[in-house]
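Some notes on the structure that comes next.
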Amino acid sequence: MIDPNKLFQLSPGQKRRKLALSFGALERDIAGIAEAGAEYNFSSMSRIEYEKALCEILLKDSKLNPNSAQKICKLLSQNPLDERRLCNIARNALLEILGTFPAEWDLVIAPHPTQIQNEEKIAECVPFVQKRNFFPGICIYAEDIRSPFNLGSIFRTAEGMGVEKIFLSPLCADPNHPRAIRSAMGCIETLGFKRASLDELPEDENIFVLETGGTPIERFEFPAHGICIIGSEELGASPEALKRATYGRVTIPMVGLKASLNVGVALGILMQKWTEALEKSRN
């Protein structure tokens, strides 16, 4: 973050870049995910005062989108101030001027941990502890997913929807690739995974595959526990995977000309239906 008074000494391009970086740093600070040493630390003004000072500079930019300016002014007039939304709108308005648009992994997304209270811990005056909730026995086998971004997206969707574990085929992208880590938004660290060939999957488990030519997802009888195979972006599930899927094949019906979905999107649709079936069976 930079002293607002110093911004006036910069050229327009430098000023916009510095402002964009500052608003991004503020977003992370507000969300509670700022890196150590990057927290807001201006002693001469409060964080809200600093945000307002930066916005006043931005509002004087002749290239600012009028719609963005109107939104920023509206947010500035609100009490209490929605700090994070204000910084987000301002940062993206600057990126629009600079001709740079954020990719999925550039977005500032705060974690949403599930917190439970432990009575014994409370008695000991120990604060909340975190625990990951999932559906026991619900697993995904990712076969030859080549894109690190797609793999990270799969982890993010799987973790959010309650998958217990992900199996990765030997030819899957590396989960530790920077793009996988960014698109997973921290889920690779919280969701268990294991490298395994199709032959190494449990023999006695319900194994099915998400692929065209199968039972429509609305009629498919999801198992109470099992492993769903999702195939590569280019080729889909391999013949070996189709053979290994002894429980069946589920298909997402589509009507478009391309009739094709991103593998991460397809997994999201599948998991919504699977978890819906699990919840129904519980009730």
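The values are calculated or read from the model by the stated rules, or taken from the named source; none is laboratory data. Since this is a predicted model, take the numbers as computed values, not measurements. We place every Cβ from the backbone using ideal geometry, glycine too, and count neighbours over all the protein chains shown. With ligands, DNA and RNA removed, areas are computed over all heavy atoms of the protein, side chains included. Shrake-Rupley method; radii C 1.70, N 1.55, O 1.52, S 1.80 Å.
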*Those residues of the range 69-80 which are of a type outside the set (A, V, I, L, M, F, W, C) and surrounded by 14 or more Cβ atoms within 10 Å (Cβ to Cβ), in sequence order*: LYS71
*Cross-chain or 6+ apart pairs with Cβ under 9 Å, the range 159-183 first and at positive phi, then in a loop (DSSP other than H, G, I, E, B) and open to solvent by less than 70 Å² (accessible area, probe 1.4 Å)*: GLY162/PHE135
_So, in the range 249-283, exactly how many residues are of a type in the set (Ser, Thr, Tyr) and part of a helix (DSSP H, G or I)?_
2
_Selection status of LEU26, without any contact (Cβ under 8 Å) to a residue 60 or more places away in the chain and under 11 Å from CYS87 (Cα atoms)_ = no
*Could you pull out the residue among ILE188, ILE181, ILE166 that is under 20 Å from LEU242 (Cα atoms) and of a type outside the set (Asp, Glu)?*
ILE166
_Scan the range 166-185 and tell me whether some residue there is open to solvent by 70 Å² or more (accessible area, probe 1.4 Å), outside any loop (DSSP other than H, G, I, E, B), at pLDDT 90 or above and farther than 22 Å from GLU276 by Cα._
no
*Go through (1) open to solvent by 40 Å² or more (accessible area, probe 1.4 Å); (2) under 28 Å from the mean Cα position of the chain (by Cα); (3) of a type in the set (A, V, I, L, M) one by one and return the number of the condition LEU278 breaks.*
(1)
*Could you list, in sequence order, all residues of the range 234-271 that are in contact (Cβ under 8 Å) with a residue 60 or more places away in the chain, exposed (fewer than 12 other Cβ atoms within 10 Å of the Cβ) and farther than 26 Å from GLU203 by Cα?*
GLU234
*Kindly indicate whether any position in the range 202-210 is at pLDDT 95 or above and surrounded by fewer than 19 Cβ atoms within 10 Å (Cβ to Cβ).*
yes
*Of all residues in the range 28-68, count the ones that are touching an Asp or Glu at 6+ places or on another chain (Cβ under 8 Å), open to solvent by less than 30 Å² (accessible area, probe 1.4 Å) and not charged (D, E, K, R).*
1
*Residues in the range 1-27 that are part of a helix (DSSP H, G or I) and either surrounded by 14 or more Cβ atoms within 10 Å (Cβ to Cβ) or basic (Lys, Arg) (or both): how many?*
16
*Failed criterion for ILE154 (all others in (1) aliphatic (A, V, I, L, M); (2) under 27 Å from GLU279 (Cα atoms); (3) in a loop (DSSP other than H, G, I, E, B) hold)*: (3)
*Output yes when any residue across the range 227-248 is over 26 Å from PHE149 (Cα atoms) and among the acidic types (Asp, Glu), and no when none is.*
no
*Does GLU189 fit the bill of being assigned to a loop (DSSP other than H, G, I, E, B) and open to solvent by 40 Å² or more (accessible area, probe 1.4 Å)?*
no
